[in-house]
1. Which entry is the computed log10 I(q)/I(0) by the Debye sum over Cα atoms at q = 0.14, 0.21, 0.22, 0.24 Å⁻¹ for this structure: (i) -0.67, -1.06, -1.12, -1.23; (ii) -0.51, -1.34, -1.52, -1.91; (iii) -0.71, -1.29, -1.37, -1.53?
2. Enter the angle in degrees (range 0 to 90, nearest 10) between the Cα long axis of helix 22-66 and the first principal axis of the Cα atoms of the chain, meaning the one along which they spread out most.
3. Would you please give the FRET efficiency between R11 and L82, computed as 1/(1 + (r/R0)^6) with r the Cβ-Cβ distance and R0 = 30 Å, to the nearest 0.05?
4. What angle do you read, to the nearest 10 degrees and between 0 and 90, between the alpha-carbon axis of helix 70-110 and the longest principal axis of the chain?
5. I need the calculated FRET efficiency for the pair R102 and Y4, taking r as the beta carbon distance and R₀ as 22 Å, to the nearest 0.05.
6. Multiplying the sequence separation of A23 and F91 by 0.36 nm and subtracting their Cα-Cα distance, what value in nm do you get?
Amino acid sequence: MRDYLRMHEERIKRDLAFGRGRAFFARLAEYHEQQIRRMQHERLVHLLVTLFVGLFLLITVGLALFQPGPAITVLATLFLALETAYVIHYFRLENGVQRWYRLGNKIRKKAGLLTGEY
């Protein structure tokens with residue numbers, strides 16, 4: 001996912017640097033918005049997974065407090081590691097999409113679809 005974010009971002013920056021007129025930027029804006037919609041779907045899915053893993057983590061920690069044992073402690077540790085990985089991934093995904101929003105504003109401005117500073 002990080003590679004996909006990076007590759008798309010590099011392509012858009014390259015296209016912004018070598019502008020080809022308003023019609024080109026209008027088509028680029030449409031393409032970029034389609035990519036953002038795809039990433040918004042990814043964000044939603046990863047948010048839901050992160051929330052559910054967090055819920056399972058809280059449940060296992062609660063169980064470990066009331067009925068301590070090695071098995072439940074191992075399970076809670078695994079959920080903690082998984083939740084940490086999901087939070088890091090979601091953080092990177094969210095920041096990437098935020099960068100794409102700013103790129104989208106630059107594209108729309110070059111296409112004449114947006115005025116003002118963004």
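FYI, it's all coordinate maths here, none of it is from the lab. Bear in mind that the values here come from a model prediction, so they are computed numbers and not experimental data. As a convention, Cβ positions derive from the backbone with ideal geometry for all residues, glycine included, and neighbour counts pool all protein chains shown.
1. (i)
2. With rounding to tens, the tilt is 10 degrees.
3. Details: r = 32 Å, r/R0 = 1.08.
Taking R0 as 30 Å, the efficiency between R11 and L82 is 0.40.
4. Rounded to the nearest ten degrees, it is 10.
5. On the way: r = 18 Å, r/R0 = 0.81.
The value I calculate is 0.80.
6. Values: separation 68, 0.36 × 68 = 24.48 nm, distance 3.42 nm.
Extra length from A23 to F91 when fully extended: 21.1 nm.
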